[in-house]
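In what follows, a structure is listed as structure tokens, so that the remarks can point back to it.
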Amino acid sequence: QVQLVESGGGLVQAGGSLRLSCAASGRTFSSVAMGWFRQAPGKEREFVAAISRSSVDTYYADSVKGRFTISRDNGKNTLYLQMNSLKPEDTAVYYCAATYRAIATQNRDYNYWGQGTQVTVSS
């Protein structure tokens with residue numbers, strides 16, 4: 001079992017930055033790959049970024065590439081998402097998730113989910 005708790009969401013103006021955190025407990029954090037997803041009102045949950053167990057591999061959705069950076073600190077059992085140059089279309093509830101796969105970009109491949117944190121970007 002892995003328990004995940006996101007934090008760091010909030011209201012920010014377009015062009016601004018936020019850093020999301022995801023604190024993990026339970027199963028050894030370094031034994032799972034991690035990902036960030038988001039869900040806007042009326043839309044399906046979509047992939048944002050993923051990172052492998054040792055941070056060697058990272059994947060990003062095209063919509064956030066060059067603006068968002070995923071990272072993890074296995075010593076602190078924490079996953080991060082640095083979000084820069086935010087746009088109104090980035091407004092969503094952001095979720096962190098854990099998977100036993102080496103790395104994954106599909107919702108169905110993730111085993112554990114956090115409760116989400118709201119990010120709102122005003123124009």
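The values are calculated or read from the model by the stated rules, or taken from the named source; none is laboratory data. Bear in mind that the values here come from a model prediction, so they are computed numbers and not experimental data. Quick reminder, even Gly has a Cβ in these numbers, built from the backbone with ideal geometry, and neighbours come from all protein chains shown. SASA here: full protein model, heavy atoms, side chains in, ligands and nucleic acids out. Shrake-Rupley method; radii C 1.70, N 1.55, O 1.52, S 1.80 Å.
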Output wanted: per-residue J couplings in Hz (rounded whole) for segment 69-84, from phi through Karplus 6.51 cos²θ - 1.76 cosθ + 1.60, θ = phi - 60°, x for Gly and Pro. 9, 9, 8, 8, 10, 5, x, 9, 6, 9, 10, 10, 9, 8, 10, 10
Sites matching trypsin sites (Lys or Arg not before Pro) across segment 2-100 that sit in DSSP coil, with at most 13 neighbouring C-beta atoms within 10 Å: K43, K65, K76
Tally up the carbon and sulfur contribution to the accessible surface of the chain as a whole percent, 1.4 Å probe, everything protein left in place. 44
Taking the Cβ of I103 as the centre, find all other residues whose Cβ is under 13 Å away and add up their charges (Lys, Arg: +1; Asp, Glu: -1). +1
Size of electric dipole in the chain: Cβ of Lys, Arg +1 and of Asp, Glu -1, about Cα centre, debye, nearest 20: 180
Could you quote the convex hull projected area for the chain, Cα atoms only and averaged over all directions, in nm²? 6.7
